[in-house]
Amino acid sequence: MAGNPRNGRPYRRLVAAVKALGDPCARCGHNIDPTLDARHPLSFTLDHVVPLSRGGNLLDPANARSMHRRCNSQRGNRVGPQPLKTTRRW
Ligand SMILES: [Zn+2]
């Protein structure tokens, strides 16, 4: 996966910087425990105010904020109108 900017040093530096701010979750407003394992649903994740899919800047600190992993994934699943549920397996 060469070329994935999320694997780059600037991105990791941004993640560390936002994490160090100790801001509460941008979605639910609760504090984030920075010591939690990355697989923990309440661990820190970096969220982009303007999603990358809409032209948001991956590395702009002004576009980055703290969010729980769980909250981030819930938000991501709700972008745009939800299509009708289907039973079809993809
Ligand atoms: Zn949250």
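I'm trying to understand the selection: among the residues of region 20-41, which are among the hydrophobic types (A, V, I, L, M, F, W, C) and either part of a loop (DSSP other than H, G, I, E, B) or in contact with a Leu (Cβ under 8 Å, 6 or more places away or on another chain) (or both)?
Cys25, Ala26, Cys28, Ile32, Leu36, Ala38
Scanning region 1-54 for residues that are small (Gly, Ala, Ser) and open to solvent by 60 Å² or more (accessible area, probe 1.4 Å), which turns out nearest to His68 (Cα to Cα)?
Ala38
Evaluate region 75-90: report whether one residue or more is open to solvent by less than 80 Å² (accessible area, probe 1.4 Å), modelled with pLDDT of 95 or more and in a loop (DSSP other than H, G, I, E, B).
No, there is no match, as no residue in region 75-90 is open to solvent by less than 80 Å² (accessible area, probe 1.4 Å), modelled with pLDDT of 95 or more and in a loop (DSSP other than H, G, I, E, B).
The values are calculated or read from the model by the stated rules, or taken from the named source; none is laboratory data. All values derive from a computational prediction rather than experimental measurement. Note: ideal-geometry Cβ built from the backbone for every residue, glycine included; neighbour counts use all protein chains shown. Only protein heavy atoms, including side chains, enter the accessible area calculation; ligands, DNA and RNA are left aside. Shrake-Rupley method; radii C 1.70, N 1.55, O 1.52, S 1.80 Å.
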